[in-house]
Amino acid sequence: MNVRRWPFPTLTPAQATQAANLAACARMGITPDQQPLPTRGAMLRFDVSGRGGVLRLAVAADQWCPAMLPAMGGLAWSELVDRNALACWLPERPLLDIAAEPFHGAQVTLQDVVPINALAMGQGVQPCLATAQGPAWIEHAGCAIAAPLAVPLRALRVCTDLGIARLSLPLHRLRGLAPGAVLLLDQLLPVARTGGRRLYSFDFTLETISVNTPFDFLDDDDGSAEIAPSAPAPTAATAPGIDIKRLPVNVDVVLCQLQHAVGELDGLQPGTVFHLPADAWKQLQLRVNGQLIARGELVQVGDQLGVQLAQAPVLP
């Protein structure tokens, strides 16, 4: 198979990782040396946590062990592959003395002992930090968590959509809805979102919402598993070809929008209560792909909630 050649520079995965590590080091205020990796032998992996951030460093066993375990001289440290055996001999003093100031007094733990070819980095010259135990090659670097938010940033307002359900309606049914029609909400899924990303799940009353679970932006989904179909999908026997009228359209039901200050979200905890705008339940929004198509109000139908439309949907 021919691989298309683009005009921009080409990086290997190892080069991309190295570039990310160097960028993180620059943010920490440290400038790594460049030295060739050993060509053979065991490497000790250390996890380092300091004021500057976190590091995964690799040190040659035949350099670290003689310096830190002088009483064990004469052993073939380059052949060491057993972390548990080494853990029995670890000294009480710090395992690495790193010269870079942001990592003076850092917490260092032995993570693993591996052969040189098991490291997550390329071969040859690689970035490293000077330590009293010899060069420590950088396998991973991550900046420290940012300082507390400045006051102007804490006051920044973020628009949040309070979604309470997501429906999947055939196109023909959506186009046929008229003012007064009621859509049953078979499954309530109250989730606050901003920029399409989940902020928190919540419970709601007519006047307030109460936060259940704050979400991490880095551990999110697109909500596709939350879609509740409002009509059975056609089978192959009833739909041998594409019937555009049956095209399923995902409709988000939004209770209202809230303006959160960033400072409010910074300390968000389960049980946090926010007040809703007056009569928010009378101004529900139906959206398709983020665009408003209709408004309605919450109604109760038996044991279920539904939305009674105030207008016919206007599809984008």
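No lab work stands behind these numbers, since they all come straight from the coordinates. Treat the numbers as computed from the prediction; the structure is a model and nothing was measured. Note: ideal-geometry Cβ built from the backbone for every residue, glycine included; neighbour counts use all protein chains shown.
Tabulated results
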quantity: Stretch gain in nm, segment residue 16-residue 88, where the contour uses 0.36 nm per residue and the Cα spacing is subtracted; calculated: 22.3 nm
quantity: Inter-label distance, nm, simple model (7 Å from Cα along the C-beta direction), residue 168/residue 189; calculated: 1.0
quantity: Cα shape, segment 13-143, gyration tensor, a/c 1.5 rule; calculated: oblate
quantity: Ranked by how many other beta carbons lie within 10 Å on average, peptides 38-50, 271-283, 254-266 from highest; calculated: 38-50, 254-266, 271-283
quantity: Contour minus Cα-Cα distance for residue 262 and residue 49 (0.36 nm per residue); calculated: 73.9 nm
quantity: Percentage, to the nearest whole number, of Cα pairs in segment 243-312 over 17 Å apart; calculated: 59
quantity: Packing-based ranking, highest mean first, of 205-211, 102-108 given that Cβ atoms within 10 Å are counted; calculated: 102-108, 205-211
